[in-house]
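The values are calculated or read from the model by the stated rules, or taken from the named source; none is laboratory data. All values reported here derive from a predicted model rather than from experimental measurement. FYI the Cβ positions are ideal-geometry reconstructions off the backbone, even for glycines, and counts take in every protein chain you see.
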Amino acid sequence: MEPSSSSKGLNPSRDPANPEVSRAGEASSCLQQIADDPEPLEPPQHCCKCKVPRQICKLFAGIGLMLVGSVCWAGVTQSAHITNEHSHFDCPLFLVYFSTSWFICVYPLYLILKLMSTRGKLEIGESFREGVRAFGDDGFSACPYKIFAKCAGLTILWDMTAYLFVRSLDFKAATDIVALFATNSSFVYLLSWIVLQKKFIAIRIVAFILGMTGTICLIYIEKGSANSNMWGAILVIISTAGAAFYRVLFRKIIGDIPSGQLAFTTSCLGLFNVVSVWPMLLLLHFTGAEKIQWATMPWGWVSTTAAFMMGCKLVLTFGSAFTYPILLYSTFIFALPFCFASTLIVPPYKISTLSGVQIGSYVLIVTSFLLNILPDDWHGKILKKLNIKQRIETPDDSRLAPRLRMGH
């Protein structure tokens, strides 16, 4: 049975033989839909109830978070360095243990803020079940050994990385340690390329070479004995690689998760740290490797280090919900001037001058960092802004080029 003429689409707005009529009919139908729609056209997105565009708000929020994160990271380095120099303290593992234990408060703090934003309408049980799904869709009903293995691997890797970072402060200046740790972005890219199968970008390899060149220059600065400089650089490089591996491993086994699940995971890592690391503390205490003297413990600087580490963790973990990641990653570079300034204003005061080798090393490391955090096609965008077209040479052009130069 043939369809009727109306089902064949004899409407002039849909006539394939007459495209001009078809386009006019489509335009009239669209105008009719707009006229019938009671909702107005969607206005440009603004932040909250103000008239400022969302992009501008994210930019200013990113600058604020970047400055806060930079101060926190410089504070972690300087306060840990001062704590290590205390005459009655030589327990870097206890400092890491105490600071990481504060991560337990992340999820309760998230729930409090969520309750305040929803005016008490948040269901705690549902939020907890949503947080548990960070370890899988089945939550704790899945294989408990897998959840235990995930928490154990991430916690051990975090504690080892933080321990090596704190220990390296015994051998090199805090500003040099902050600069060396900024090469973390190169290790993150290399591991992402290997583990996460990220796209190969040649400029990132150049960035890695520049960062390693700056690292080698910082190793051989004549400040103290060459042996101590070497060990400090080795420890912080291993710590930097460990931090990059922690970040890639977290992305691999946990993935990109919402803020609630991220807060729950962070609290789980802090709880697993409290439960699992204390036997190692007792072992080091009774063997005399790291003797804990409770009576002379510098609790002020220990707590300051933990507070700064907590602030830095919150900014780097949850800041992406408010701003662009590139601004958050700049925290490690902008911490350099804050760290150098803190040596002049925080007792014990140390007025130090930067040598030419140090300045050159910092420039190389900063350049390496910027090449790593810039977008993949940043050079193409710059050429497009400058109205410069990239010429792609074809095989025919390559064969004809010598002849044209010779006059053939």
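Taking each residue of the range 97-112 that is closer than 13 Å to Met310 by Cα and looking for partners that are among the charged types (D, E, K, R) and part of a helix (DSSP H, G or I) with beta-carbon atoms closer than 7 Å, six or more apart or interchain, yields Thr100/Asp159; Phe103/Lys313. Among the residues of the range 258-271, those identified as closer than 20 Å to Cys312 by Cβ and either crowded, with 16+ Cβ neighbours inside 10 Å or not hydroxyl-bearing (Ser, Thr, Tyr) (or both) are Leu262, Ala263, Phe264, Thr265, Thr266, Ser267, Cys268, Leu269, Gly270, Leu271. Filtered by the rule that a residue be in contact (Cβ under 8 Å) with a residue 12 or more places away in the chain and either in a loop (DSSP other than H, G, I, E, B) or farther than 26 Å from Ile254 by Cβ (or both), the range 265-284 gives Leu281, Leu284.
Looking at the range 285-303 only, could you name the residues that are hydroxyl-bearing (Ser, Thr, Tyr), part of a loop (DSSP other than H, G, I, E, B) and over 13 Å from Thr83 (Cβ atoms)? Reasoning before the result, please.
As a first pass, look at the range 285-303 and keep what is hydroxyl-bearing (Ser, Thr, Tyr): 287, 296, 303.
Narrowing the set further to residues that are part of a loop (DSSP other than H, G, I, E, B) leaves 296.
If the condition is that a residue be hydroxyl-bearing (Ser, Thr, Tyr), part of a loop (DSSP other than H, G, I, E, B) and over 13 Å from Thr83 (Cβ atoms), then no residue fits.
Quick check: anything in the range 322-338 free of Cβ contacts under 8 Å to residues at least 40 places away in the same chain, among the hydroxyl-bearing types (Ser, Thr, Tyr) and at negative phi? No, the range 322-338 contains no residue that is free of Cβ contacts under 8 Å to residues at least 40 places away in the same chain, among the hydroxyl-bearing types (Ser, Thr, Tyr) and at negative phi. Within the range 165-176, residues that are closer than 14 Å to Phe332 by Cβ and modelled with pLDDT of 85 or more reach partners that are in a loop (DSSP other than H, G, I, E, B) and polar (S, T, N, Q) with beta carbons closer than 9 Å, at six or more positions or on different chains, in the pairs Thr175/Ser352.
Does Gly69 count as modelled with pLDDT of 90 or more and either on the phi > 0 side of the Ramachandran plot or surrounded by fewer than 16 Cβ atoms within 10 Å (Cβ to Cβ) (or both)?
Taking the combined requirement at face value, the residue does not satisfy it.
Here's the yes/no breakdown for (1) modelled with pLDDT of 85 or more; (2) of a type outside the set (A, V, I, L, M):
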| residue | (1), (2) |
| --- | --- |
| Trp73 | yes, yes |
| Ile104 | yes, no |
| Thr118 | no, yes |
| Lys121 | no, yes |
| Ser127 | no, yes |
| Glu130 | no, yes |
| Lys146 | no, yes |
| Gly153 | yes, yes |
| Trp158 | yes, yes |
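Counting only helices (runs of 4 or more DSSP H) wholly contained in the range 81-193, the ones carrying 1 or more residues that are buried (at least 20 other Cβ atoms within 10 Å of the Cβ) and charged (D, E, K, R) occupy 144-168, 174-181. Filtering the range 195-218 to residues that are in a helix (DSSP H, G or I), modelled with pLDDT under 85 and more than 14 Å from Val363 (Cα to Cα) leaves Val195, Ala202, Ile203. When residues in the range 248-257 are screened for being surrounded by fewer than 14 Cβ atoms within 10 Å (Cβ to Cβ) and in contact (Cβ under 8 Å) with a residue 60 or more places away in the chain, 1 of them pass. Residues in the range 292-300: is at least one over 22 Å from Arg167 (Cβ atoms), out of contact with any Leu (no Cβ under 7 Å at 6 or more places or on another chain) and crowded, with 20+ Cβ neighbours inside 10 Å? So far as the range 292-300 goes, no, none of its residues is over 22 Å from Arg167 (Cβ atoms), out of contact with any Leu (no Cβ under 7 Å at 6 or more places or on another chain) and crowded, with 20+ Cβ neighbours inside 10 Å.
Within the range 309-320, is even one residue in contact (Cβ under 8 Å) with a residue 40 or more places away in the chain and under 21 Å from Thr215 (Cβ atoms)? Scanning the range 309-320, I find no residue that is in contact (Cβ under 8 Å) with a residue 40 or more places away in the chain and under 21 Å from Thr215 (Cβ atoms), so the answer is no. The single residue among Gly300, Gly232, Gly242 that is within 24 Å of Asp170 (Cα to Cα) and out of contact with any helix residue (DSSP H, G or I) (no Cβ under 7 Å at 6 or more places or on another chain) turns out to be Gly300. Return a yes/no flag: does the range 52-62 have any residue that is in a helix (DSSP H, G or I) and either within 17 Å of Asp159 (Cα to Cα) or of a type in the set (Ser, Thr, Tyr) (or both). The answer is no, given that none of the residues of the range 52-62 is in a helix (DSSP H, G or I) and either within 17 Å of Asp159 (Cα to Cα) or of a type in the set (Ser, Thr, Tyr) (or both).
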